[in-house]
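*Asks:* My structure is below; once you've seen it, I'll send some questions.
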Amino acid sequence: MKKELKFKVNGEDYDLWVEPKTLLVQVLRDELGLKGTKWACDSGACCACTVMVDGRAVKSCSILALQVNGKEVMTVEGLANGPELHPLQQAFIDNWAFQCGFCTSGQLMAAKALLDENPDPTIDEIKIAMDGHLCRCTGYNMISEAIQDAAKRLQAQKQQEGGK
Amino acid sequence: MKTILNDFEHFAPKTVEEALDLLSRYGEEECKIVAGGQSLLILMKQRLVTPKYLIDIKGISALDYITFDEQQGLKIGALTTHRAIEKSPVIEKYYPVLAEMEQNVSSVETRNWGTIGGNISHGDPSGDPAPVFIALNGRLRIAGLNGERTVEAEDFTLGYFETVLGHDELLTEIQVPALPPHTGVKYTKFSQLQGDYATASVAVSITLEAKKKTCSDVRIALGAVAPAPMRAKKAEEILRGEKISDDLLARAGQAASEEASPTTDAEVSEEYKRELVKVLVKRVAKEAFERAKKA
Ligand SMILES: Cc1cc2nc3c(=O)[nH]c(=O)nc-3n(C[C@H](O)[C@H](O)[C@H](O)COP(=O)(O)OP(=O)(O)OC[C@H]3O[C@@H](n4cnc5c(N)ncnc54)[C@H](O)[C@@H]3O)c2cc1C
Ligand code: FES
Ligand code: FES
């Protein structure tokens, strides 16, 4: 029997009816068409499916959709501001932090949650926050460097905004 | 192809009473409690568990708390997330060993949604929290429709994924007494990769008498080397009442490695695990001892 799911995704309100067995990743990809979130290992082991729920990084393959009732979800589609990429996205491009890109949306969302909590992390803090994320192509150093670069860009952006 | 879960009926009680009521109604049938689902959903995807009724307790916010005072000690609600424990100022101040333990449980993503009650109720012999709560002399509070009971943390897990919980019971709280003066606690897990389940893990709590020379009490708990987390009581006997020395710690390590009953798995042999226990007990007890001297 379907149940009602009311939640916010990337700032927009949704009111859906879902089967209880539906996972969060299925609602995002199949119901809302937000295919940026990847569904890979399906067993909690790779973090490719990471999204933010109420500001925290979680694995959308390991959460029942009904458990985010009343909550706010952010996916990779919510990062950019129109055509302007988020500093994290730009830093990933500039630092060669992906190749095939399959792990990237999960990496970006975990990095976003990290920088929201800790705007100036050390490389070790980045490694700890990202240690569940598997990437089969790129190598993890470039990803860590991109996140640190993004932290600098975000801080510069903040200072500029503060100065205005 | 991704697995699609079996169909089930979903209940989202808002209070412990509602949850217990649902459990008494459906508990005996194919019914499961889900908290964070970090372990349960994997079992459901593998069809190892196919509940008809799922009682989703994640929304019972009254079971999400961490409190401490000197008389009552520490109380952690079953629905507190791993991450909340890791980041709690109270835990950092009074039980830093719990924050250290949490930092190595899986990834941030699991810790953000998985709950301490779910972890313990899962009864995984290689889970990290259980040995630490055993070393801390913890107790677990269990609610049923006919009332409440508490059990010692060390008696909670009976064997692989089997606990004392009845089908109509809920784990509601973890309790830890205030640490006696001059007590040091340390936990270390050995795993193949950062965040992986333990190959072997050891938690030790050492209390020194007032002059900080002899060990007045000690608790040694082992994880992943028996069907359930266990106390190494023979190893404890070697240290209790004695002056701690490197030689004595090595003997305790040897005793613990004989008490453990590990099995060979896909990655590591039984002998290797015994060797790990021997070395880890010696090292972890030494660090607990150093901490006790400073406490
Ligand atoms: C990739 C990965 C790596 C992991 N690595 C580690 C690790 O290194 N160390 C470690 O310790 N753990 C590890 N875990 C396990 C994780 O910590 C636990 O699965 C999680 O904390 C369980 O909590 P939950 O709330 O998600 O429980 P759920 O999955 O919801 O429930 C687990 C079980 O407990 C029962 N249950 C839940 N809450 C209660 C309650 N209050 N009363 C009675 N029964 C209840 C459920 O019915 C179910 O049988 C890992 C998990 C994953 C996915
Ligand atoms: S797809 Fe969710 S953790 Fe791999
Ligand atoms: S870029 Fe291919 S998996 Fe990470």
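*Asks:* Between the range B:216-295 and the range B:1-54, what's the alpha-carbon centroid distance in Å?
*Replies:* Each part reduced to its Cα centre gives a spacing of 37 Å.
*Asks:* Under a point spin-label approximation (7 Å from Cα along Cα-to-Cβ), what is the B:ARG149-B:GLU162 distance to one decimal in nm?
*Replies:* 1.7
*Asks:* With contacts defined as alpha carbon pairs under 8 Å and 6 or more residues apart, what's the relative contact order of chain B in percent?
*Replies:* Numbers: 675 pairs, mean separation 44.6, N = 295.
Rounded, it is 15 percent for chain B.
*Asks:* What translational diffusion coefficient, in µm²/s and rounded to a whole number, does the Stokes-Einstein relation yield for the protein assembly as shown at 10 °C and a viscosity of 1.306 mPa s, taking the hydrodynamic radius as the Kirkwood radius over Cα pairs? Before the final figure, lay out each step's value.
*Replies:* On the way: Rh = 23.4 Å.
D, rounded to a whole number, is 68 µm²/s.
*Asks:* While we're looking at this one, here's another question. Please go through the range A:108-143 and write out the trypsin sites (Lys or Arg not before Pro) that DSSP classes as loop and that have at most 14 other C-beta atoms within 10 Å. Show your work: numbers first, answer last.
*Replies:* Values: sites: A:LYS112, A:LYS127, A:ARG136; in loops: A:ARG136.
Taking the range A:108-143 and a limit of 14 other Cβ atoms within 10 Å, the loop trypsin sites (Lys or Arg not before Pro) found are A:ARG136.
*Asks:* Using DSSP to call loops (not H, G, I, E or B), can you name the chymotrypsin sites (Phe, Trp or Tyr not before Pro) in the range B:152-224 whose Cβ has at most 14 other Cβ atoms within 10 angstrom?
*Replies:* Of the chymotrypsin sites (Phe, Trp or Tyr not before Pro), the ones in loops of the range B:152-224 whose Cβ has at most 14 other Cβ atoms within 10 Å are B:TYR160.
*Asks:* Within the range B:122-212, which trypsin sites (Lys or Arg not before Pro) sit in a loop by DSSP and count at most 16 neighbouring Cβ atoms inside 10 Å?
*Replies:* Working: sites: B:ARG139, B:ARG141, B:ARG149, B:LYS186, B:LYS189, B:LYS211, B:LYS212; in loops: B:LYS211, B:LYS212.
Filter output for the range B:122-212: B:LYS211, B:LYS212.
*Asks:* Same structure again: Would you mind computing, in nm to one decimal, how far apart the modelled labels at B:THR263 and A:ASP116 are, each placed 7 Å from Cα along Cα→Cβ?
*Replies:* 4.3
*Asks:* If you don't mind, there's one more thing I want to ask. How big is the gap, in Å, between the Cα center of the range B:56-123 and the Cα center of the range B:136-151?
*Replies:* Answer, in whole Å: 17.
*Asks:* I've got another one for you. Between B:GLU275 and A:CYS41, what FRET efficiency follows from the Cβ-Cβ distance if R0 is 30 Å, with the result rounded to 0.05? Walk me through the numbers on the way to the answer.
*Replies:* Numbers: r = 32 Å, r/R0 = 1.07.
The value I calculate is 0.40.
*Asks:* Take every Cα pair under 8 Å in the range B:183-294 that's 6+ residues apart, average their separations, divide by the length, and report that relative contact order as a whole percent.
*Replies:* Numbers: 243 pairs, mean separation 34.7, N = 112.
Here the relative contact order equals 31 percent.
*Asks:* Using a Förster distance of 35 Å, how high is the FRET efficiency between B:ASP196 and B:GLU28, based on the Cβ-Cβ distance and rounded to 0.05?
*Replies:* Numbers: r = 36 Å, r/R0 = 1.02.
With a Förster radius of 35 Å, E is 0.45.
*Asks:* Can you list the equivalent-ellipsoid semi-axes of the range B:83-161, largest first and in whole Å, using the square root of 5 times each Cα gyration tensor eigenvalue? Kindly include the intermediate steps, with their values, before the conclusion.
*Replies:* Working: eigenvalues 94, 44, 34 Å².
Listed largest to smallest, the semi-axes of the range B:83-161 are 22, 15, 13 Å.
*Asks:* Continuing with the same structure: Could you tell me the calculated FRET efficiency between B:LYS211 and B:LYS93, based on Cβ-Cβ distance and R0 = 22 angstrom, to the nearest 0.05? Can you show the working numbers first?
*Replies:* On the way: r = 26 Å, r/R0 = 1.18.
Efficiency for this residue pair is about 0.25.
*Asks:* Specify, per residue and in Å³, the volume enclosed by the convex hull of the alpha carbon atoms belonging to the range B:147-209.
*Replies:* Numbers: hull volume 9.2 nm³, N = 63.
Dividing the Cα hull volume of the range B:147-209 by its residue count gives 146 Å³.
*Asks:* Name the long-range amide H neighbours of A:ASP131: under 5 Å, sequence gap of 5 or more, or other chain; modelled H, no Pro or chain starts.
*Replies:* Hits under the 5 Å cutoff: B:VAL108.
*Asks:* Also, quick follow-up: Counting only Cα, what are the radius of gyration and maximum Cα-Cα distance Dmax of chain B, in Å?
*Replies:* 19.4, 65
*Asks:* Using the scaling law 2.2 N^0.38 Å as the reference, what is the normalised Cα Rg of chain A?
*Replies:* Working: Rg = 16.0 Å, N = 164, 2.2 N^0.38 = 15.3 Å.
Relative to the rule-of-thumb radius for its length, chain A sits at 1.05.
*Asks:* Given a cut-off of 18 Å, what percent of all Cα-Cα pairs of the range A:1-68 lie beyond it?
*Replies:* For the range A:1-68, the share of Cα pairs beyond 18 Å comes to 30 percent.
All of the numbers you see were taken from the coordinates with simple rules; none came from a lab. The shown structure was predicted, so the numbers you read here are calculated from the model rather than taken from an experiment. Heads up, the Cβs are rebuilt from the backbone with ideal geometry, glycines too, and the neighbour counts pull from every protein chain shown.
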